[in-house]
Amino acid sequence: MTVGGDVVEVGGRELALIRIPPGTPPRPGDGLTALLRATGVSPGAPAVVLVGGADGMAPSDAALCERLFVPLVATIESFGATLIDGGTDSGVIGLVGRERRRSGAQGVHLGIVAEGTVRWPGHDGTLPDSAALEPNHTHIVAVEGDHWGDETPWLGAVAEAVALGSPTVTVLANGGGIARDDVTQSLAEGRPVLVLAGTGRAADLLAATAVSPLVTVVAPEPEAVRTALEAALLG
């Protein structure tokens with residue numbers, strides 16, 4: 001694996017750009033850990049994978065997520081955990097990026113993107129609706145793919161490569177079909193999932209129907225989010 005592109009400027013900020021060579025299987029290992037370490041990521045910290053809604057969130061759902069992301073980001077920072085998400089400037093990812101900026105968060109924030117679905121200076125993607133990158137990330141990990149959801153298997157692979165045995169957890173806020181796939185992948189990998197109830201769509205559906213012991217339904221209150229995430233990161 002090699003680092004390609006070095007950095008990309010988004011919104012006046014420089015983000016480390018890691019381009020995973022085509023054909024690389026999405027699994028954790030020494031190569032992926034070494035690649036992350038080479039770009040300033042210190043493995044061994046807990047990892048939080050945030051998945052959820054992009055476009056199409058109701059304003060009330062977005063407002064609730066904005067409120068709940070205050071303790072989410074604060075708790076991630078207090079544990080020195082790495083935040084991992086889908087990297088684009090929309091929905092829950094845009095909201096959590098803005099909360100990191102507002103709060104002055106200093107931890108590692110990795111955005112995992114399928115190259116064809118996003119754009120950055122000098123790269124237009126392959127889709128007519130390719131998305132902008134969220135500028136408050138520290139790193140973008142670009143993987144092979146031209147479809148939304150091609151990044152899904154890499155979310156867990158990167159989380160495990162970063163954590164190196166430390167706790168990892170997935171947090172679901174709102175979301176549609178791709179977010180449901182992300183949760184299915186997390187559960188298949190044995191990763192606990194915190195579902196932020198009341199945030200709409202996939203999160204509310206899973207909150208009402210979940211039977212897996214790996215799923216914890218979290219009440220839509222800041223203290224409940226803080227308590228549940230602290231418990232997950234303590235392992």
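Observations on the model:
- Estimated vicinal HN-Hα couplings, Hz - region 144-158 in sequence order (Karplus 6.51, -1.76, 1.60; Gly, Pro = x): 5, x, 10, 10, 4, x, 5, 7, 3, x, 7, 4, x, 4, 5
- Only the Cβ atoms of Lys and Arg (+1) and of Asp and Glu (-1) were treated as charged; on that basis the dipole of region 125-231 about its Cα centre amounts to roughly 320 debye.
- Under the Karplus curve 6.51 cos²θ - 1.76 cosθ + 1.60, θ = phi - 60°, whole-Hz ³J(HN,Hα) for region 176-188, x wherever Gly or Pro sits: x, x, 5, 4, 5, 5, 4, 5, 4, 5, 4, 5, 5
- Per residue, the solvent-accessible area of region 26-131 (1.4 Å probe, heavy atoms of protein chains only, all protein chains present) comes to 40 Å².
- Using the Karplus relation 6.51 cos²θ - 1.76 cosθ + 1.60 with θ = phi - 60°, the per-residue 3J(HN,Hα) values for region 26-31 come to x, 9, x, x, 4, x Hz, with x marking Gly and Pro.
- Formal net charge of residues neighbouring Leu72 (Cβ-Cβ distance under 13 Å; K, R +1; D, E -1): -2
- Heavy-atom accessible surface of the chain: percent carbon and sulfur, 1.4 Å: 53 percent
- Gained length - Thr209 relative to Glu221, 0.36 nm times residue gap less alpha-carbon distance: 2.3 nm
- For the set Glu230, Glu99, Glu223, the ranking by accessible area, highest first and with no ligand, DNA or RNA atoms included, is Glu223, Glu230, Glu99 under a 1.4 Å probe.
- For the chain, built as a Gaussian network whose Cα springs stay under 10 Å, the top-fluctuating residue of His137, His123, His147: His123
- Summary of the geometry: region 1-74 and region 190-216, compared by the centres of their Cα atoms, lie 22 Å apart.
- Area of Asp6 that stays accessible when all protein chains are in place (1.4 Å probe, Å², to 10): 100 Å²
- In this structure the amide hydrogen of Gly200, modeled in the peptide plane, comes within under 5 Å of the amide hydrogens of Asn174, none closer than 5 places in sequence on its chain.
The values are calculated or read from the model by the stated rules, or taken from the named source; none is laboratory data. In this text the structure is predicted, and so the values were computed from the model without any measurement. Using ideal geometry, Cβ is built from the backbone for each residue, glycine included, and neighbour counts are taken over all protein chains shown. Remember, those area values only see protein heavy atoms, side chains included, never the ligands or the DNA or RNA. Shrake-Rupley method; radii C 1.70, N 1.55, O 1.52, S 1.80 Å.
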